[in-house]
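A quick write-up on the structure given underneath.
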Amino acid sequence: MRVLITGGGSDIGRSIARRRLALGDEVFVTASSEASLEQLLARYREEGLKAQGLVLDLAAPGRSDEALSGLLAGGLQGLVLNAWTRRPPLHRFHELPQAALEADVTANLMGNVWLLRRLLPSMLEARRGRIVFISSVSTVSGTGRYGAYILCKSALEGLMRNLAVDYGAFNVLCNTVRLGLFKTTRTKKYWSRPHYVERMGGVIPQGSLGEPEHVGEALDSLLSEHQYINGAVLDVTGGLPMVRLEGVLKP
């Protein structure tokens, strides 16, 4: 299978890429610029991973159309929507500057919408496709000062269900994976604090934060060629948004 993984530089993206490469897939990862892509592929090579790459800036996706056309010419059977821009969630929704909100929606919602509209015709023609959207448990639990993030994630979850209905009969299956709290570079400022790890470990039903490797394995069935899963939401959250009451009540 040829698989495109957006946001291949994140810990989650690399976990998925490692897993797909181990299973024998031809893997393509994206970065937002030539310089960042070169750094990304160098890091993959250091890990002994033979991934390929292309520049894809979701904030201005049309610039990447030529590279994407070249990828599609060889066929593409799998798509993992993992990329997300880094914007500090420092405001309540009404306090978020309009320009920042529009930039978030342009890149994270409309950028992914553009990519889906670009790739779906080739999957439809080939009658073969597996699309997985990496979402967040925040879409059901809510997270303070993450209004724009949850807005875009929730909208794409809804779109995935619609695509499952429209394209499922053509063997193009669309599913969502919701992630919980993971130990990644982006969240290190939290889990590097022992008190945070203790408190959250007490609340999460499984008793600990997730590791990126948990995500790579979770996608196996959703990307499999022979499966009967479509329009589903898979929670990879250690049990969240359910919580352990003893962790909540602990002083």
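Odds and ends about this structure:
- Screening the candidates Leu58, Leu72, Leu76 for the property of being surrounded by 13 or more Cβ atoms within 10 Å (Cβ to Cβ), over 18 Å from the mean Cα position of the chain (by Cα) and outside any strand (DSSP E or B) yields one hit, Leu72.
- Residue within segment 91-112 that is among the small types (Gly, Ala, Ser), modelled with pLDDT of 95 or more, outside any helix (DSSP H, G or I) and out of contact with any Gly (no Cβ under 9 Å at 6 or more places or on another chain) present: no
A quick yes/no check of all residues on (1) more than 24 Å from Val215 (Cα to Cα); (2) of a type outside the set (Asp, Glu); (3) surrounded by fewer than 17 Cβ atoms within 10 Å (Cβ to Cβ); (4) touching a Ser or Thr at 6+ places or on another chain (Cβ under 6 Å):
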{"position": "Ala103", "(1), (2), (3), (4)": "yes, yes, yes, no"}
{"position": "Leu116", "(1), (2), (3), (4)": "no, yes, no, no"}
{"position": "Cys152", "(1), (2), (3), (4)": "no, yes, no, no"}
{"position": "Thr176", "(1), (2), (3), (4)": "no, yes, no, yes"}
{"position": "Tyr190", "(1), (2), (3), (4)": "no, yes, yes, no"}
{"position": "Pro194", "(1), (2), (3), (4)": "no, yes, yes, no"}
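- One residue stands out in segment 13-48 among those that are more than 15 Å from Glu213 (Cα to Cα) and in a loop (DSSP other than H, G, I, E, B): the one that is farthest from the chain's Cα centre (by Cα), namely Gly48.
- Test result for Gly216, under 24 Å from Ile131 (Cα atoms), in contact with a Pro (Cβ under 8 Å, 6 or more places away or on another chain), in contact (Cβ under 8 Å) with a residue 12 or more places away in the chain and outside any strand (DSSP E or B): no
- Scanning segment 190-213 turns up no residue that is of a type in the set (Val, Ile, Thr), touching a strand residue (DSSP E or B) at 6+ places or on another chain (Cβ under 7 Å), modelled with pLDDT of 95 or more and assigned to a helix (DSSP H, G or I).
The values are calculated or read from the model by the stated rules, or taken from the named source; none is laboratory data. Being a predicted model, the structure only gives us computed values, none of them experimental. Virtual Cβ from ideal backbone geometry, glycine too; neighbours counted across all protein chains shown.
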